[in-house]
Amino acid sequence: MRQDNASTETDEEGRGVQGRRRSKRVRTKSKLLDSDSEYECERPARRGRGRRRLLDRAKRSHDKNKCSLEVLLEWKYNINVTPPAKDEASYKLVSVRSIVNEDLGKIGTELQGIFMNVTWRIGSDAPSSALTIAQFRKLDIPRRTMRNGIVFVWSEKELLSDIIHAMEQKGFFYIENFAVVMLDSTKIRSLLKNGGARGERRRGGHKDETGCPEDILYEDLSSLNNQSVETMFSNRDAEYFSKTKKVLLLFRRIESKEIPLELRHQRTCDVVFDVADGQYVNQQAKEYVYRMIETLLPKANWNPEGGSRALKLLELWGNKDAPREGWITVYETS
């Protein structure tokens, strides 16, 4: 009897299937969610062992690539740092003797965002200019400076509750946090040396204003391809767990709903990786924070063509050598 395409065929287990349901093996190519790697696998018609084989093969490929230190470093240093602003009308630099004793109402009014780029006095390696929580409590943010806006404050885990309580006393309530996961530059540099990575240094091995080294940036990072990120975490001493991250706390004040505050939610991830020494955040991570703030608060951006020439963003303990467009930068002088 003649067999056609609609006839019964027998699959690999001897069971009959009709027409389009006949057994066949299909070549499938899919992309992993968090890498550029691809895997190929065979998918049988049945969903049993073949499906498990597909998932196992995908998982092996995923595990191989998901924690690649090479990929992470390549991604991180593709964050281009914005050069200092040149148009003097687009920024403002303010020097003061002591920020915590300064009247911020004379510096800016009706601000939408304040970034406190503060270094806390934690541990013996803290600089003399680092701030104590007692000093922080003296800082006043008057209503004329901000009535409806968000304050961004760097924190340390030992001071979390103290910072939140101090901000509540100033009329702000906690709304969100942002984390910077710190990778130990000494560990990565040692790994590169032992792995034989050689190549031209991408950025000349210079240090930024925080003193964080960038000399680990080699063109050839192939020795890091199979290196797990977890082994490179920074482990600073703390009472219970080692400190591996820096946390940026976000606080909101709403004194008057007549002053609108436009927010662009869900535009930025709440974590970024950084390569640094000690408690200092590197320039690429800072750039990510600036962009996060500017994205979250679109109406605070300086836009002279659109009629917005007022400066609505303020940075305390900023860098006088790197003024940023749309920002008021306040720094201390000795």
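Restricting the search to region 287-299, which residues are in a helix (DSSP H, G or I) and touching a residue at least 60 places away in the same chain (Cβ under 8 Å)?
Taking region 287-299 as the starting set, the residues that turn out to be in a helix (DSSP H, G or I) are 287-296, 298-299.
Within region 287-299, 287, 288, 289, 290, 292, 293, 296, 299 qualify.
Would you confirm whether or not region 161-184 contains a residue that is on the phi > 0 side of the Ramachandran plot, at pLDDT below 65 and open to solvent by less than 80 Å² (accessible area, probe 1.4 Å)?
Scanning region 161-184 turns up no residue that is on the phi > 0 side of the Ramachandran plot, at pLDDT below 65 and open to solvent by less than 80 Å² (accessible area, probe 1.4 Å).
Looking at region 83-106 only, could you name the residues that are under 16 Å from residue 324 (Cα atoms) and hydrophobic (A, V, I, L, M, F, W, C)? Steps first, answer last, please.
To start, the set of residues in region 83-106 that are under 16 Å from residue 324 (Cα atoms) comprises 83-95.
Hits for region 83-106 are 85, 89, 93, 94.
With (1) open to solvent by 50 Å² or more (accessible area, probe 1.4 Å); (2) over 23 Å from residue 247 (Cβ atoms); (3) not in a loop (DSSP other than H, G, I, E, B) as the list, and residue 321 as the residue in question, which single condition is left unmet?
Looking at each condition in turn, residue 321 falls short on (3).
For the list (1) closer than 27 Å to residue 188 by Cα; (2) modelled with pLDDT of 80 or more, I need the number of the one condition that residue 264 fails.
Going through the list (1) closer than 27 Å to residue 188 by Cα; (2) modelled with pLDDT of 80 or more, residue 264 breaks only (1).
Suppose we filter 322, 285, 276 for residues that are modelled with pLDDT of 90 or more and either over 25 Å from residue 182 (Cβ atoms) or not polar (S, T, N, Q) (or both); which single one remains? Steps first, answer last, please.
Details: 285 fails: modelled with pLDDT of 90 or more; 276 fails: modelled with pLDDT of 90 or more.
So the residue among 322, 285, 276 that is modelled with pLDDT of 90 or more and either over 25 Å from residue 182 (Cβ atoms) or not polar (S, T, N, Q) (or both) is 322.
Residue under question is residue 311, and the condition is that it be closer than 21 Å to residue 141 by Cβ and either open to solvent by less than 30 Å² (accessible area, probe 1.4 Å) or not hydrophobic (A, V, I, L, M, F, W, C) (or both); does it hold?
Numbers: closer than 21 Å to residue 141 by Cβ: yes; either open to solvent by less than 30 Å² (accessible area, probe 1.4 Å) or not hydrophobic (A, V, I, L, M, F, W, C) (or both): no.
So residue 311 does not fit the description; no.
What are the pairs with Cβ atoms under 9 angstrom where one residue, in region 235-260, is without any contact (Cβ under 8 Å) to a residue 12 or more places away in the chain and closer than 30 Å to residue 142 by Cβ and the other, located anywhere, is not in a strand (DSSP E or B) and not hydrophobic (A, V, I, L, M, F, W, C)? Sequence gap at least six, or different chains.
So the pair list comes out as 258/147.
The values are calculated or read from the model by the stated rules, or taken from the named source; none is laboratory data. These numbers were taken from a predicted model, which means no experiment stands behind them. Using ideal geometry, Cβ is built from the backbone for each residue, glycine included, and neighbour counts are taken over all protein chains shown. Quick note on the areas: whole protein, heavy atoms, side chains included, nothing else; ligands and nucleic acids left out. Shrake-Rupley method; radii C 1.70, N 1.55, O 1.52, S 1.80 Å.
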